[in-house]
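Notes for the one structure printed next.
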Amino acid sequence: MNRRQLLRTGAAALATALAGCGEGDGTETDEPPDGADGGSTPTATATPTDGPVATDSPAETSAPEPMPTEESTTAGTTTTAGTPTATATATASATPTATPRQAAQVVAVADGALAFDPDSFEIDVGETVTWVWHSNSHNVRPESTPSGSDFSGTAGDDGDLYDEGHTLSHTFEVAGEYEYYCGPHQGVGMTGSFTVTE
């Protein structure tokens, strides 16, 4: 028997074996095969393939390993089969922001009591004060400021309140006496004052 004839015979035997797979093996199933309407099971015609053929027996063949795929990651690299490689696309750098001046005075807003702490202090012209909220529903409203000052406290009016974690910073360029209060708590003494000196 020559090689071509052997291959044809082997392919025919394989097709016959595959056509009979699953029939009469003594196993029962509750679900009909896909596409069946409860009638007899249609037999499939097998055709030879170039790759491995899956069977019911894991000892005969094993499923082929999946081919590696190429996927993009959010970090700007491309991985092929788990190996990171750099992409040609450059990542834009963050927009630089101005560095705030360091505060000469930090004032705690309602840290355990309805008060500003400290409630009075002194700074020099050009220095910054930062108010830091330690509880909810407070604001900083100016009571009196020197002529020419642009200090307006927190944005809005007495009814605009801010919560824990909020900060307000202002650099004072006009010397003089400043008085301020918390809108909803002024009546219980939540007031403060400071002096800006030249």
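The values are calculated or read from the model by the stated rules, or taken from the named source; none is laboratory data. Source: prediction; values computed, not measured. All Cβ positions, glycine included, derive from the backbone under ideal geometry; neighbour counts span all protein chains shown.
All but one of (1) more than 20 Å from Gln105 (Cα to Cα); (2) surrounded by fewer than 17 Cβ atoms within 10 Å (Cβ to Cβ); (3) free of Cβ contacts under 8 Å to residues at least 60 places away in the same chain hold for Gly189; which doesn't?
So the condition that Gly189 fails would be (3).
I need the full set of residues from the stretch 101-117 which are without any contact (Cβ under 8 Å) to a residue 40 or more places away in the chain and assigned to a loop (DSSP other than H, G, I, E, B), in order please. Give the steps one after another, and end with the answer.
Step one: filter the stretch 101-117 for residues without any contact (Cβ under 8 Å) to a residue 40 or more places away in the chain, giving 102, 104, 106, 108, 111-113, 117.
Correct list: Gln102, Ala104, Asp111, Gly112, Ala113.
When you go through Thr154, Thr195 one by one, which is the residue that is assigned to a loop (DSSP other than H, G, I, E, B), in contact with a strand residue (DSSP E or B) (Cβ under 6 Å, 6 or more places away or on another chain), at pLDDT 95 or above and among the β-branched types (Val, Ile, Thr)? It would help to see each step written out before you state the result.
On the way: Thr195 fails: assigned to a loop (DSSP other than H, G, I, E, B).
Answer to the check: Thr154.
Which residues, counting only those in the stretch 158-171, are part of a loop (DSSP other than H, G, I, E, B) and either surrounded by 13 or more Cβ atoms within 10 Å (Cβ to Cβ) or in contact with a strand residue (DSSP E or B) (Cβ under 8 Å, 6 or more places away or on another chain) (or both)?
Step one: of the stretch 158-171, the residues part of a loop (DSSP other than H, G, I, E, B) are 158-161, 163-166.
Selection gives Asp158, Leu161, Asp163, Glu164, Gly165, His166.
Under the condition of being under 20 Å from Thr128 (Cβ atoms) and hydroxyl-bearing (Ser, Thr, Tyr), which residue from the stretch 155-195 is farthest from the chain's Cα centre (by Cα)?
Among those residues, the one meeting the criterion is Thr195.
Are there any pairs, at least 6 apart or on different chains, whose C-beta atoms fall under 7 Å, with the first in the stretch 129-157 and free of Cβ contacts under 8 Å to residues at least 40 places away in the same chain and over 21 Å from Ala104 (Cβ atoms) and the second surrounded by 14 or more Cβ atoms within 10 Å (Cβ to Cβ) and among the hydrophobic types (A, V, I, L, M, F, W, C), and if so, which?
Matching pairs, first to second residue: Ser135/Ala110.
Mind listing whichever residues of the stretch 100-121 are farther than 13 Å from Tyr181 by Cβ and of a type in the set (A, V, I, L, M, F, W, C)?
Within the stretch 100-121, Ala103, Ala104, Val106, Ala108, Ala113, Phe121 qualify.
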